[in-house]
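Just so it is clear, none of the values below were taken in a lab; they were calculated from the coordinates. None of these values were measured; they are calculated from a predicted model. Glycine also receives a Cβ, built like all others from the backbone with ideal geometry; neighbour counts cover every protein chain displayed.
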Amino acid sequence: MTDTTAASAQPLTLLSEEEELFRATVREFAETEVKPYVHEMDEAAKFRPELIRKFFELGLMGIEVPEQYGGAGGTIFLSVLAIEELARVDASAAIYVDVHNTLVNNALGRWGTDEQKARYFPRMTSELLGAFALSEPASGSDAFALETRADDKGTHWELTGRKFWITNGGEAGLFLIFANTDFAKGYKGITAFLVERDFAGFSVGKRENKLGIRASSTTELILEGCRVPKTSVLGPVGQGYKIAIETLNEGRIGIGAQMIGVAVGALEAATQYVKERKQFGKAIAEFQGVQFQLGQMATEIEASRLMVYNAARLKDRGLPFQREAAMAKLLSSQVADRTTSRCLELFGGYGYSKEYPAEKFYRDAKIGTIYEGTSNMQLSTIAKMVLK
Ligand SMILES: Cc1cc2nc3c(=O)[nH]c(=O)nc-3n(C[C@H](O)[C@H](O)[C@H](O)COP(=O)(O)OP(=O)(O)OC[C@H]3O[C@@H](n4cnc5c(N)ncnc54)[C@H](O)[C@@H]3O)c2cc1C
């Protein structure tokens with residue numbers, strides 16, 4: 001009897017021709033177009049606007065958007081490859097592409113009406129950057145305790161409140177904003193709104209000066225009676241909590257990919273360095289103590305990559321992936337944290353200097369354990385499923 005299951009099962013890291021080509025294209029782009037500016041952008045805490053334009057030109061901003069709207073009609077797995085390759089060079093570049101694809105395009109694709117998709121997707125795949133705004137000054141992990149309110153004014157909604165820590169806030173033109181339409185209903189009052197940057201009553205507040213992903217813009221959003229048309233509610237009123245949870249479930253796969261990329265970038269830099277740096281009359285790569293660390297790091301990266309790829313492939317097959325995505329995000333961010341720290345140490349004192357790449361990878365890795373749900377929140381999601 002033929003074992004069709006085994007025959008159709010693929011090694012997770014075996015890429016199709018299309019995936020391989022896509023990965024190679026993004027790698028080439030990252031190496032030639034992004035890498036020369038990474039240090040300068042990190043120092044200036046400012047991402048070059050022309051690189052965002054190039055993301056659009058290269059087709060990186062509509063990876064899963066259907067072709068009829070100008071997208072590539074691809075998979076989350078392709079998004080993972082793009083995010084990983086960009087993060088290998090610059091985690092800030094990766095997060096622009098990540099938030100736009102895995103959060104904003106994703107939510108619009110799943111919950112948008114045909115009219116909303118026709119209104120925004122052609123622009124989201126060509127020039128309009130997206131941002132996802134859930135967090136507030138007083139609500140992070142406890143996201144559904146958000147205080148931004150949405151009042152029904154009959155002809156339109158009026159949003160009032162503040163959003164905090166919003167990635168892409170500096171440049172985005174479209175913001176997916178969560179507000180409560182009925183606090184008496186608790187989290188079941190939360191509703192998602194598509195808010196354009198030039199809507200009356202909307203403004204972008206202060207920009208954070210951060211430890212890592214410094215070139216990525218992270219801003220406050222201010223809503224002062226912001227007028228939002230009725231046609232800009234995403235999904236049903238009161239279902240915003242579901243949209244947020246389900247979107248973030250997928251988003252975590254992207255953060256996992258970002259963390260693998262950061263860890264790979266750091267390990268590659270350290271591997272090159274230990275071959276060149278001589279102490280006690282030989283390259284430090286010849287010391288077994290150093291080799292063991294390289295072996296450990298490569299193994300941990302491979303384990304987290306398998307988890308991220310598996311979560312993506314499950315999602316692309318339409319299978320449950322929530323547990324796997326939470327585990328992948330948890331592990332890959334821990335691995336990136338450990339790997340970048342060890343790599344910095346392998347550079348010795350030079351690792352501590354901004355002249356070398358190790359310290360930036362180390363700073364950039366830290367965010368993985370915080371955004372899109374802290375490590376504790378991933379553990380709590382995973383534990384709930386274990387205990388079920
Ligand atoms: C650079 C950056 C970019 C971001 N981008 C975005 C964005 O684009 N959109 C957006 O909406 N948000 C964004 N965020 C916000 C991010 O998602 C939150 O910072 C994160 O969810 C944690 O919330 P908090 O900062 O309020 O920390 P808190 O929730 O106050 O947590 C503080 C600590 O307490 C722990 N903790 C809290 N509750 C529990 C519990 N029940 N059990 C155990 N431990 C607990 C946490 O794990 C953490 O260690 C961004 C944040 C940063 C730093």
Phi-derived 3J(HN,Hα) across segment 288-299 with the Karplus relation (6.51, -1.76, 1.60, θ = phi - 60°), rounded Hz, x for Gly and Pro, is 4, x, 6, 4, 4, 5, 4, x, 5, 5, 4, 5
Quick one: grab the alpha carbon gyration tensor of segment 128-171, order the square roots of its eigenvalues as a ≥ b ≥ c, and give me rounded if a/c is under 1.5, else prolate or oblate depending on whether a/b is larger than b/c.
oblate
Students often check this: by mean Cβ neighbours within 10 Å, which of 367-379, 38-50 ranks highest, and how do the rest follow?
367-379, 38-50
Nearest 10 degrees, 0 to 90: what angle lies between the long axis of helix 76-89 and the longest principal axis of the chain (Cα atoms)?
50 degrees
Which entries in 242/315; 54/315; 153/230; 46/329; 35/360 show an alpha-carbon gap greater than 19 Å?
54/315; 46/329
Compute the angle between helix 322-346 and the longest alpha-carbon principal axis of the chain, please, reported from 0 to 90 degrees and rounded to the nearest 10.
40 degrees
Calculated [θ] (222 nm, deg cm²/dmol) that DSSP helices of n ≥ 4 give over the chain, each run adding -39,500 (n - 2.57):
-15500 deg cm²/dmol
What per residue convex hull volume, in Å³, comes out for the chain when only alpha-carbon positions are used?
161 Å³
Integer Hz, Karplus 6.51/-1.76/1.60 couplings in order for segment 310-316, x for Gly and Pro
5, 4, 5, 5, 4, 4, 5
Using +1 at the Cβ of each Lys and Arg and -1 at the Cβ of each Asp and Glu in the chain, identify which of 330, 193, 228 lies farthest towards the dipole's positive end.
330
For segment 109-196, report the % of Cα-Cα distances exceeding 22 Å.
31 percent
Of 351, 241, 375, farthest towards positive along the dipole that unit charges on Lys, Arg, Asp, Glu beta carbons give segment 239-388:
241
Prolate/oblate/rounded call for segment 1-137, Cα gyration tensor, a/c under 1.5 rounded
oblate
Shape of segment 205-314, Cα gyration tensor, a/c cut at 1.5
oblate
